[in-house]
Every structure is written in C-alpha cells, then in structure tokens.
Amino acid sequence: MRTVWLNGAEWLAVLRIGLGLWWLESWRHKDRKGWFERGTGIAWAADVAGKHRWAVVRTGFDRVVAPRPRLMAHLVVYAELALGLGLVTGFLTPVALIGGLVLNLLYLTLMIHDWAEQGQNAMMALISLVALFAVAWQTWSLDHAIGWLGA
C-alpha cells in the first residue's frame, strides 16, 4: 500500500492509538464519584432506557443492568479505561477492538434518539471494524513486540 509519510501498517496503528485515546478521554471526563457513589451514570441510563421506543432495550436494561447498578457502573467506567489502555499500547488489541465495538453498539442502541451520541458511537464502531479487519496491531504494539496474535 502506497501512502504519504507512513506506511499502511503505521497509519492503522495511528488509527488504533487515536481510538484508544478517544476511549481514554471518555473515561477521563466521567464523574467517577457520581457514577460510583451517587449512581448518576446508571440512573441516567435507566431514564433513557425507560423511555426507549424498543421494548427489548427497556426489558434488557431492567433484567441486566437495573438489578446490579454498582457493578454495571464499575464495569462501564473501567471497561472504557481498559479499552483505551489496550488500544494505545496495542495489548490484546483484537480483544479491545471487539470489546469496544460491543460497547459502542450498546451505547448506539441505548442512545437511538440522540444524534450527537449516534455520530460518535457510529464512528468509533467503524474505526474498530477497520482496525480489527486490517489487523491494526502489526506495528507499534505490545502484541507485535511480544509476537502474539500473528503480529
């Protein structure tokens, strides 16, 4: 692949690292005290899910998230941190890309009414797909340095 400045694998690494930084920013700007102590994040999501036009979203939220709000708050917040670190360092990159894709699709489904959120999550999901199928851990990654995952 002919490109300007970097080769194809290096551009994919830039894309992967950029996505990781996006996840880290999502983690950084969260009010963790609010999420963990006051339950603000899950309470907000419960309000959104309760008004959702799709019954499956309301039912899924009520069965999976609502019974364990503290666990889910920690899961969401620390998943974003783990995804960001995994993608920036290129450690277990395919796992981070698939995890991020799943989380973005969940966010996308929950926030079906909010076009600002839709754009962000759709773009992050698209980047995850491109990075996954283009094997974006071929360079500038711990996976490559260690020799894991066929890198």
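The values are calculated or read from the model by the stated rules, or taken from the named source; none is laboratory data. Bear in mind the structure is a predicted one, so any value in this text is a computation, not a measurement. Ideal geometry is used to build each Cβ from the backbone, glycine not excepted, and the neighbour counts take in all protein chains shown. Quick note on the areas: whole protein, heavy atoms, side chains included, nothing else; ligands and nucleic acids left out. Shrake-Rupley method; radii C 1.70, N 1.55, O 1.52, S 1.80 Å.
Condition check: at pLDDT below 95 and open to solvent by less than 80 Å² (accessible area, probe 1.4 Å). Does ALA82 satisfy that?
Judged against the criteria, ALA82 is not a match.
So, TRP35, is that one closer than 21 Å to LEU12 by Cβ and assigned to a helix (DSSP H, G or I) or not?
It is false that TRP35 is closer than 21 Å to LEU12 by Cβ and assigned to a helix (DSSP H, G or I).
Which of the residues that make up region 142-151 are open to solvent by 50 Å² or more (accessible area, probe 1.4 Å) and part of a helix (DSSP H, G or I)?
Scanning region 142-151 gives LEU142, HIS144, ALA145, ILE146.
Among the candidates THR139, THR89, THR59, which residue alone is under 17 Å from the mean Cα position of the chain (by Cα) and among the β-branched types (Val, Ile, Thr)?
Going through THR139, THR89, THR59 in turn, the sole match is THR89.
Test LEU24 against the criterion of being modelled with pLDDT of 95 or more and surrounded by 18 or more Cβ atoms within 10 Å (Cβ to Cβ), and give yes or no.
Considered against the rule, which asks whether it is modelled with pLDDT of 95 or more and surrounded by 18 or more Cβ atoms within 10 Å (Cβ to Cβ), LEU24 comes out as no.
Filtering region 97-141 down to residues that are outside any helix (DSSP H, G or I) and modelled with pLDDT under 90, which residue is most open to solvent (accessible area, probe 1.4 Å)?
Filtering first and then ranking leaves HIS113.
Which of the residues that make up region 72-96 are in a helix (DSSP H, G or I) and touching a Gly at 6+ places or on another chain (Cβ under 6 Å)?
ALA73, LEU83, GLY84, LEU87, VAL88, ALA96
If a residue has to be free of Cβ contacts under 8 Å to residues at least 60 places away in the same chain and either in contact with a Ser or Thr (Cβ under 8 Å, 6 or more places away or on another chain) or open to solvent by less than 30 Å² (accessible area, probe 1.4 Å) (or both) to count, how many in region 27-53 make the cut?
The number of residues fulfilling the criteria is 5.
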